[in-house]
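Worksheet for the structure shown next.
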Amino acid sequence: MDVCSNRSPVSRSPALFLPDTWLQQLRTLRPRGSTSVPAIENSRALRILVQLLVSVGIASISVAAAGVTRTSILNLLAIPLSAVGGYWSWRSRQRSNIAIKFIIAFGMLTALGIFLARLVGEGSDTRIQLAELLIHLQVLHSFDMPRRKDLGYSIVIALILLGVAATVSQTLTLAPVLIVFLAIALPVLILDYQSRLGLAGRGQRQQLASFNLKRQAWLLILVMGLGLVIFAALPRLPGYQIRNFPVSNTIDFEGNFTGDQIVNPGYASGGGNTLDDGTPGDSTTIQGGSPVEGSGAMSGSTYYGFSRQMNQNLRGAIEPQPVMRVRAQAAGFWRMLAFDRYTGQGWEISRSNPEAIEILGRSGLSYQTFLPDSAFQGGRTNTAGRRREIVQTYTLVNELPNLIPALYQASKLYFPTREVAIDAEGSLRSPVPLSAGVTFTVISEVPYRDRTQLREATTTYDEPVRTHYLQLPETIQGTVRQHTEELLARSPQPLTDPYEKALYLAQALKQTYTLKTDLPFFAEDEDLVEAFLFRYEGGYADHFSTVLTVMLRSIDIPARLVAGFAPGEFNPFTGYYVVNNTDAYVMTEVYFPEYGWFAFDPIPGHDVVPVSIRDSQTFSVLKQFWNWVAGWLPSPVSSWIGRAVLGLFDFLSRLLNFFSQSVIGIIAGLLSATGLAFLGWLIWRSWRKWRRYLQLKQLPPVEQVYQQLLMWLSEQGYPKRPTQTPLEYAIALQQTAQFPHGERVLGMIQAYTRWRYGARAENADQLRQQMQTIKRHSKR
């Protein structure tokens, strides 16, 4: 029978295309999309991939914890054990396995008991303990997972293990594990979706044939690319909203801790006067390190400034190597200690006796140690300036002296030892050297650097400040003072306050003097500052800070030398600052009453004002990416793009200010947002229609009518399920009481199936007329 005849297809029997018996069977069947999934999961491909996903999750814990915290290598045995369990559960999936379920229940209770005992007794990293509990549970669970939802539990456990590993990891070694996990997770999700639709019971060859490796590779690349874009644009907001900070296990110290010793392996066991161990020595001998006084070679691995005496008559260089990784809410100078007495060729801590050092103990139930205000010159009380709480977590990669780095000013410390010491300069000391793998956290109340306020600070100093921070050898005081005043006189505008004088002198040293790489040793009676200013007209990098400190003291501005580490290189993928031993140097700190100490950096190549908490890391990754792109672009192009972006942000900020100033502005903002959302919806809908029109235009006429019919039915609330054949869909519509056009739709879809699967010619214009008839009747 010709479908192009004048007879309506609605009046024809459905037997035109299928036998009546087949059609009756189809009418009695429910659509496959609505059938329930069998209880037993029989897909071997899904089980194998889930097992691989779990194995990657288990391995990620060991990979992330390497070099960061302690974990048992026996955790890797869970990979073959869970594989054995997966094979057992596959072979026994049709059995009840009551005995195995009881054994698994006992095993899980035992694992929970072990976890609770370790949680109370060991005091190790709770994240690792939780991960190991999940690993034990997964091994037990793998022996009884016949259903798809059981495999879903294993998928979730693997994801949790990977999340725990991400919180532990401090390097990029976890990145390949993440990529492997993603590559396995994508087909797992596809197979899981097929299982939910009831398609996973097909033959294994059909399942494997349905996977297109090229398509999977493109999907992996797409997901990774989209994830990296989101990661780059993700704001880096301040974290650490909880108070359970990372800290290593308790380190017990045997002996009497007085806090007056600083153990720096870079210095020799012999030195002038007395050393940290109280024994005299010859300053000219080098026994595996550098001499405390006189000329000598610099240690090749340890910075020479981390000691009670800093000898600046040493020559040499340090071999670069990482010393620690820092996660902080803001970058800064990781301060180690400060010096108050200038010796002519270096510095020393004058108040290093036990009477000037305070020993602080903590509770046995908590790692928290409160640092007293009295340890800081001028106290931590601040009536004029604002401060911001900054949390820092340090993880040692190589050994450091028993000095605890921290941003100025530290207020709370979470440290493994039961006692710590704090000296008169606010520097923290540990009973033992800081070894590799130690993790601790410091909370600091960092002052804001407000130039206007600091310029207005008083110049009336207390007697202890004048005694310790204006000290100079009489032999150089007059000469240095005269030279300092000559430099200040070159300023185009008169300098009246200590802040502007310190800023100008730091900049003048950068511009007037040069870095020397082959500086000879100073003579025994030669002063470092005089040699720098009048003989060599420059020196080593740390010499610049010494000269600035002495010049400020010569004009009655209290100053001291502070040693520590630069922020280091920020890794946007791990969130850690990687600090090397070559990042260690000294800066000048100037005292402002009621505000505290603020640093100035006169070293060429450094910023005069060190990095402060004003610098925002909200979009740090995006900024680094733009700096990389701008390096490849011509200067006019990069500057034009930069001005355009700044202009856009300025416009948006002005608009935001207008909308937030008053009630009228808020209402106007809401109306504007609603209008923009409506306009965006219209554009999106028009784009979809245009895109749909282009797609339909490329289809054959009969296919066009069929697709238009499906789209119209979907808009009416009758979408076609992916698992339904066209004829199943038409029969389901015919059996729907609320849909009055089932017979007409059935006729149109039968015509489409004859054309699509039976190679019959159909009249597309007639089908369009029938669809228009359905639409008109629907409107009525």
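The values are calculated or read from the model by the stated rules, or taken from the named source; none is laboratory data. No experiment lies behind these values; they were computed from the predicted model shown. Counting neighbours? That spans all protein chains shown, and the Cβs are built from the backbone with ideal geometry, glycine included. Accessible surface is based on the protein model in full, side chains and every heavy atom, while ligands, DNA and RNA are left aside. Shrake-Rupley method; radii C 1.70, N 1.55, O 1.52, S 1.80 Å.
Laid out as a table, the results:
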read-out	value
Relative contact order [Cα under 8 Å, 6+ residues apart], the chain, whole percent	13
Straight-distance crosslink candidates among aspartates and glutamates, where the alpha carbon sits under 13 Å from K412 and sequence neighbours closer than 8 are dropped	D373, E389, E445
Heavy-atom accessible surface of the chain: percent carbon and sulfur, 1.4 Å	59
Kirkwood Rh and Cα Rg combined as Rg/Rh, segment 404-464	1.11
Cross-link reach list, lysines versus K501, counting only Cα pairs under 30 Å and skipping chain neighbours closer than eight places	K510, K516
Crossing angle, helix 474-489 versus the chain [Cα axis fit, 0-90 degrees, rounded to tens]	50
Cα-based Rg and Dmax for segment 290-345, where Dmax is the largest Cα-Cα distance (Å)	13.8, 41
Under the Karplus curve 6.51 cos²θ - 1.76 cosθ + 1.60, θ = phi - 60°, whole-Hz ³J(HN,Hα) for segment 45-52, x wherever Gly or Pro sits	4, 5, 5, 5, 5, 5, 5, 5
Structure-based [θ]222 nm, the chain - -39500 (n - 2.57) summed over DSSP H runs of at least 4, per residue, nearest 500	-14500 deg cm²/dmol
Mean shadow area of segment 683-740 over all directions, Cα convex hull, nm²	4.8
Surface per residue (accessible, 1.4 Å probe) for the chain, Å²	51
Spatially proximal lysines relative to K775 (Cα-Cα < 19 Å; intrachain offsets below 8 disregarded)	K689, K720
Alpha carbon convex hull of segment 440-528, projected area averaged over orientations, nm²	10.4
Diffusion constant of segment 615-728 at 25 °C, which comes from Stokes-Einstein with the Kirkwood Cα-pair radius and 0.890 mPa s, µm²/s	124
Angstrom value of the Kirkwood radius, inverse mean 1/r, which spans all Cα pairs in segment 474-515	11.1
Cα radius of gyration and Dmax for segment 481-634 (Å)	18.0, 55
Residue-span extension gain [A232 to L365] - 0.36 nm each, minus C-alpha spacing	43.8 nm
If the convex hull is drawn through the Cα atoms of segment 294-404, its volume per residue in Å³	169
Accessible-area value, V609, 1.4 Å probe, nucleic acids and ligands omitted, Å²	50
Packing-based order for 522-528, 703-709, 688-694, using average beta carbon neighbours within 10 Å, highest first	703-709, 522-528, 688-694
Separation between Cα centres of segment 682-738 and segment 123-160, rounded to whole Å	43
Stokes-Einstein translational diffusion, the chain - Kirkwood Rh over all Cα pairs, 1.567 mPa s, 4 °C, in µm²/s	39
Alpha-carbon Rg/Rh ratio, for segment 61-196, with Rh computed the Kirkwood way	0.99
